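Working notes, beginning with the structure itself.
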Amino acid sequence: MVSPAPPASVLDLAPVVPVVVVEDAADAVPLARALVAGGLPAIEVTLRTPAALDAIREIAREVPGAVVGAGTVIRPEQVAEAVAAGSRFLVSPGWTDLLLEAMRASGVPFLPGVSTASEVVALLERGVREMKFFPAQAAGGTAYLKSLSGPLPQARFCPTGGIGPASAPDYLALPNVGCVGGSWMLPPDAVAARDWGRVEELARSASGLSAGRTCR
């Protein structure tokens with residue numbers, strides 16, 4: 001089977017990228033199918049659990065409509081592991097030159113994490129224009145990102161961290177935000193109950209948001 005090409009830009013796949021923590025790999029496929037059915041094809045599976053790589057592998061193999069990526073990438077060796085499992089994009093909470101080099105060499109799109117103007121400038125110097133802004137709410141939220149858009153208009157962001165359905169539209173209205181990351185469409189009780197219908201419903205609501213305006 002030929003592997004699908006990586007997306008040109010993670011920021012343009014959907015207004016919301018679900019940030020998924022998978023405890024049981026058996027949940028990965030039905031969870032991903034619910035998100036895709038709800039209109040959220042880009043799925044970030046965080047490398048925070050032993051089940052994460054298996055979950056990425058299963059989603060990549062069994063859910064053709066999904067664009068699965070790996071999040072919480074913090075070590076260079078995780079890059080190769082994630083891509084080998086089927087990740088089509090990479091997301092990190094922060095970056096170092098070693099990690100950036102590994103992500104750049106992977107051949108898939110990546111979003112290194114930033115929370116300060118100096119980090120943004122450093123990445124722009126290295127030719128990186130698309131970034132994760134994390135932790136979004138704690139690092140200054142929409143006011144901070146709006147302030148960055150003046151002096152650094154070439155940088156585009158996926159804010160993640162503390163964002164919910166009430167605040168997501170404010171982020172998406174900013175000119176330098178392509179999408180937001182969040183997990184509100186995956187409430188723990190719904191996942192524990194394997195209530196994939198509820199997950200799909202919440203995903204559909206989230207997919208109705210779009211960059212540059214509050215709703216369709």
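Scanning segment 29-56 for residues that are part of a loop (DSSP other than H, G, I, E, B) and either farther than 17 Å from Val19 by Cβ or out of contact with any Pro (no Cβ under 6 Å at 6 or more places or on another chain) (or both) yields a total of 8. Entry remark, segment 106-118: residues being of a type outside the set (Val, Ile, Thr) and part of a loop (DSSP other than H, G, I, E, B) number 5 in total.
Can you find, within segment 20-35, the residue that is nearest to the chain's Cα centre (by Cα) among those that are surrounded by fewer than 23 Cβ atoms within 10 Å (Cβ to Cβ) and touching a residue at least 60 places away in the same chain (Cβ under 8 Å)? Step by step, filter segment 20-35, then rank; the result is Val21. Looking only at segment 57-89, residues that are touching a strand residue (DSSP E or B) at 6+ places or on another chain (Cβ under 8 Å) and assigned to a loop (DSSP other than H, G, I, E, B) come to 7 in all. A search for C-beta distances below 8 Å between a residue of segment 67-79 that is in contact (Cβ under 8 Å) with a residue 40 or more places away in the chain and any residue that is surrounded by fewer than 24 Cβ atoms within 10 Å (Cβ to Cβ) and of a type in the set (S, T, N, Q), counting only pairs 6+ apart in sequence or on different chains, returns Gly71/Thr46. The set of residues in segment 1-28 that are β-branched (Val, Ile, Thr) and closer than 24 Å to Val79 by Cβ comprises Val2, Val10, Val17, Val19, Val20, Val21, Val22.
Out of the residues in segment 37-53 meeting the condition of being over 24 Å from Gly94 (Cβ atoms) and touching a strand residue (DSSP E or B) at 6+ places or on another chain (Cβ under 8 Å), tell me which one is surrounded by the most Cβ atoms within 10 Å (Cβ to Cβ). Applying the filter and picking the extreme gives Leu40.
From the set of residues in segment 95-152 that are within 24 Å of Gly182 (Cα to Cα) and basic (Lys, Arg), which is nearest to the chain's Cα centre (by Cα)? Among those that are within 24 Å of Gly182 (Cα to Cα) and basic (Lys, Arg), it is Lys132. Any chance you could count how many residues in segment 1-28 are in a loop (DSSP other than H, G, I, E, B) and either in contact with a helix residue (DSSP H, G or I) (Cβ under 7 Å, 6 or more places away or on another chain) or under 18 Å from Ala193 (Cβ atoms) (or both)? Residues meeting the conditions: 6. When Met103 is tested against (1) aliphatic (A, V, I, L, M); (2) part of a loop (DSSP other than H, G, I, E, B); (3) touching a Phe, Trp or Tyr at 6+ places or on another chain (Cβ under 8 Å); (4) buried (at least 21 other Cβ atoms within 10 Å of the Cβ), only condition (2) is not met.
Considering only residues in segment 1-19 that are surrounded by fewer than 18 Cβ atoms within 10 Å (Cβ to Cβ) and farther than 18 Å from Ser106 by Cα, the one that is modelled with the lowest pLDDT turns out to be Met1. Restricting to segment 73-99, count the residues that are surrounded by fewer than 20 Cβ atoms within 10 Å (Cβ to Cβ) and under 30 Å from Ala143 (Cα atoms). Within segment 73-99, residues that are surrounded by fewer than 20 Cβ atoms within 10 Å (Cβ to Cβ) and under 30 Å from Ala143 (Cα atoms) number 5. Can you work out which of the residues in segment 93-137 that are of a type in the set (Val, Ile, Thr) and touching a strand residue (DSSP E or B) at 6+ places or on another chain (Cβ under 7 Å) is farthest from Glu77 (Cα to Cα)? Residue satisfying both the conditions and the ranking: Val120.
The values are calculated or read from the model by the stated rules, or taken from the named source; none is laboratory data. Predicted, not measured: the structure shown is a model, and the values here were computed from it. All Cβ positions, glycine included, derive from the backbone under ideal geometry; neighbour counts span all protein chains shown.
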